[in-house]
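Everything on this sheet refers to the single structure shown next.
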Amino acid sequence: MARCAARWLFVACVVAVPLAACGEGSLAAASKDDPPGMAADVGADMGMGTNLDGLAYWSTALPTLDVMKSAGGWLPQADGSYDTGEIVPLDRDGWALPSADPAGRRYRSLVVNVIHDNPAAPHSARYFVLYDGTGQIAALDVDGARIVSQAPGVMHVEAGRGGSLYLRLDAGASLRNIRVVREDYLPLYRAGLTFNPDFLARIDAFQVLRFMDWMNTNALFAPTGGPITDEAAINAAPQLNWADRPRSSSMHWGEGSRGVPVEALVEIANRTGAEPWFTMPVNASDDYVRGFAAYVREHLRPDLKIHVELSNEVWNWIFPQARYAQAQARRAFGPNGDWLEWYGMRAAQVGMIWKKAFNEPERRSSRAGRVSMVFGTQFAWRGLEAKGLDTSNWRDAEGRQMRASDYFDEYAITAYYDGTMNTDETVPVVKGWWKDGDGGYARAVAALDKRIADFNAPLYRYHAEQAKAHGLRLVSYESGFGEYTPISQHDNEAYTDFLVKLQRRPEFTALETANYKAFAAAGGRLFMNFGIIGTPSKWGSWSALESVGQETSPRYSAMMAWLAAHPPSPLRGPAVAYAPARLMIGKPGGSTLTQTAHGYDVLVGTAGDDRFIASGAPGGRIDGGGGTDTLVLPAKREAYRFGAETDQGSVRVEGPGGRQDISRIALVRFGEGRPIALAQLLSEDRGLRLADVERVRSVPAPK
């Protein structure tokens, strides 16, 4: 609930105006498809993206194949004690360590919620639990969950009737690298895919993905340990170096963790063909920024542009980054230093590092590069942006003023719409609507429609003027339906139910579109939705879909229609950009599977004899699945080098187009030549013994 509560507090910062109904001339009411007063081609060059909801064991997005990555933390338990409250010793990646003083601890086991109270989790689904190390691990017998079979390093379990799954470790166990993968997804996981294909299908149309929640941006971390919450510690928080980043090997990537590692962020951008929007930690050192930028430069698809933002809403005092920025401002500019001026300066410095890493001019120039540096400000607070853009106290080594705005490319605001139904003052008005024959929904829609026209649109124009004055592109960093249950009504299920049902109304397709067009008419170039998959509650209906299994909704439909009607223009990059990678599983008996021209595909065979046609593009993962499978490479033998990744059970193929990773492949054919055994190619290139070759060529499935 922490993220939802924070988002609620943010929206509360927006200036409220009284509710008012609007007449038949309203934007949404007049035309579902083309609101009047806006040309049909408005926004022809405006792209659209989305933020990704944070990982959690209750999240209905279920984004990762390994659901351990969205699990909760370790819960120490003893007989008769649900939580002993003791601190569990952890290693750098968050895996529980055996206690150094077994006699001094009270807990006898550790429990982790892998999936809990999650409506999207399939009932009684079966999972493979894979792990390293020694010690006892079990699935808790809750709601019918049970162990199907168990052997060293692998446990086959069935989740409870409601879909929940809890694991228990003995306190003395020395286990790590625990992975929990649904049985039917195991072939994809073994082939190297990180993400749930159903989740990818919901997001692969978007042109940009913002990782604010995935990077746990609204928490402040020291080099070791969990989030910093003490005020004095926030003010004195040390910088993070590249060695302090989250890692792929981390126990989990969700709430309380350091977030999703850059490797996975780049992977999902490569798989979906979406531009990544990174939100760098507010206390990231130059070393951290350089390491991050270097990894992205080396591994991101070359057809994708990059958006970089320092933290998130540094203006917002409910987040620790604002207090950290204030402390830094006083160190940099004296006791009267302004936190937003420091934000502008540091964000510009971060942008310089990124652009240098990509061999681009540090200052904004007419030559468009891959990296766009983002400046963020508050939507309804006119003038707040000035200090962060002008940075009148920032000086170079010669004492000359440095203007942060010269180092930015994009000027970002929110674009939420609400009808002020989220304030205690308007509760009587909203309840009065419920007496209408339709339950009050028509008047609620009218209020939202009027709010877009009378409140949002003028502010869009104001910020467009500020962006233009500083030579920046206007974008949004978050947007969507901004209503939530007022605090006084948190125990009133009828109020929450009204707002949840309201955003499911078909009229919301037109409301969303009216908001897009108002933003585009002001000159907006990129519109970013906030939540994409999440459960609505009293804290708000932030996400367009309520479950990964839901294929559409009025709000999601509006986004898909916009994307279909506004494909990428030449100004936004090459036509191949935004094309998703291919995810294919062969048919029983054998199939021919072909890679895309831009690469990063995941191709998985079955027990039959499969043939995989490589395009020469980089980033592919191919798993034969069984049988006698053949990889067909386009160039001649001398163009490739083969290397065994013995720790991963795969083979690395380096060629003219980049790297491929393959497993369980028997034969390789170059162009129209004859098939050659992979074992022979490995032996030729690395001098491996045939026994070693066979070990990496064939990886048996867990039993």
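The values are calculated or read from the model by the stated rules, or taken from the named source; none is laboratory data. Not measured: the values here are computed from a predicted model. Neighbour counts are summed over all protein chains in view; Cβ atoms, including those assigned to glycine, are modelled from backbone coordinates with ideal geometry. Keep in mind that these areas ignore ligands, DNA and RNA; they rest on the heavy atoms of the full protein, side chains included. Shrake-Rupley method; radii C 1.70, N 1.55, O 1.52, S 1.80 Å.
Numbers for the structure displayed
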item	result
Förster-model FRET efficiency, 51 Å R0, ALA232 and ALA151, C-beta, rounded to 0.05	0.50
For the chain, calculated [θ]222 nm from helices alone, where every DSSP H run of n ≥ 4 adds -39500 (n - 2.57)	-7500 deg cm²/dmol
Charge tally in the Cβ shell below 15 Å around GLN595, where Lys, Arg are +1 and Asp, Glu are -1, GLN595 excluded	+2
Under Karplus coefficients 6.51, -1.76 and 1.60, residue-wise ³J(HN,Hα) of segment 369-382 in Hz, glycine/proline x	x, 7, 9, 10, 8, 9, 10, x, 9, 7, 5, 8, 9, 5
Contact order relative to length of segment 417-525, as percent, for alpha carbon pairs under 8 angstrom and 6 or more apart	39 percent
Extension gain from ARG126 to ARG504, taking 0.36 nm per residue of separation minus the Cα-Cα distance	132.9 nm
Average accessible area per residue (Å²) across the chain - probe 1.4 Å, nucleic acids and ligands excluded	39 Å²
Relative contact order, percent, the chain [alpha-carbon distance under 8 Å, six or more residues apart]	13 percent
Gyration tensor (alpha-carbon) shape descriptor, segment 470-526, a/c threshold 1.5	oblate
Rel. contact order, % - alpha carbon contacts under 8 angstrom, at least six apart, segment 157-287	30 percent
Three-way shape label, segment 340-472, alpha-carbon gyration tensor, a/c 1.5	prolate
Share antiparallel - DSSP beta bridges, segment 147-298, percent rounded to 5	55 percent
Shape call, segment 209-337: gyration tensor on alpha carbons, a/c limit 1.5	prolate
Accessible surface of the chain, 1.4 Å probe, proportion on carbon and sulfur as whole %	52 percent
Largest to smallest accessible area among LYS435, LYS501, LYS356 [probe 1.4 Å]	LYS435, LYS356, LYS501
Theoretical gain in end-to-end length, ARG669 to ALA561 [0.36 nm per residue, Cα-Cα removed]	34.6 nm
Filtered GluC sites (Glu not before Pro), segment 383-412: DSSP coil and at most 15 other beta carbons within 10 Å	GLU398
Burial ranking of peptide ranges 320-333, 71-84 (average Cβ count within 10 Å, highest at the top)	320-333, 71-84
Solvent-accessible surface (1.4 angstrom probe) belonging to ARG611, in square angstrom, nearest 10	90 Å²
Solvent accessible area, Å² - SER557, 1.4 Å probe, full protein context	50 Å²
Phi-based couplings in Hz for segment 301-314 (Karplus 6.51, -1.76, 1.60; Gly and Pro marked x)	3, x, 8, 10, 7, 9, 10, 10, 10, 7, 6, 8, 6, 5
Principal axis dimensions, largest first and in whole angstrom, of segment 444-501 by Cα	48, 21, 18
Computed lengthening from ILE613 to THR594, 0.36 nm per intervening residue step minus Cα-Cα distance	6.4 nm
Cβ-Cβ FRET estimate between GLU298 and ARG176, R0 fixed at 25 Å, reported to 0.05	0.35
Considering only the chain, percent of DSSP beta bridges that pair antiparallel, nearest 5	50 percent
Average projected area [Cα convex hull, segment 579-670], square nanometres	5.2 nm²
nm² value of the averaged projected area, convex hull over the Cα atoms of segment 40-150	11.7 nm²
Distance histogram in 20 Å bins (all Cα pairs of the chain, percent per bin)	17, 48, 32, 4, 0
The chain: angle of helix 339-357 to the longest principal axis, Cα-based, in degrees nearest 10	40 degrees
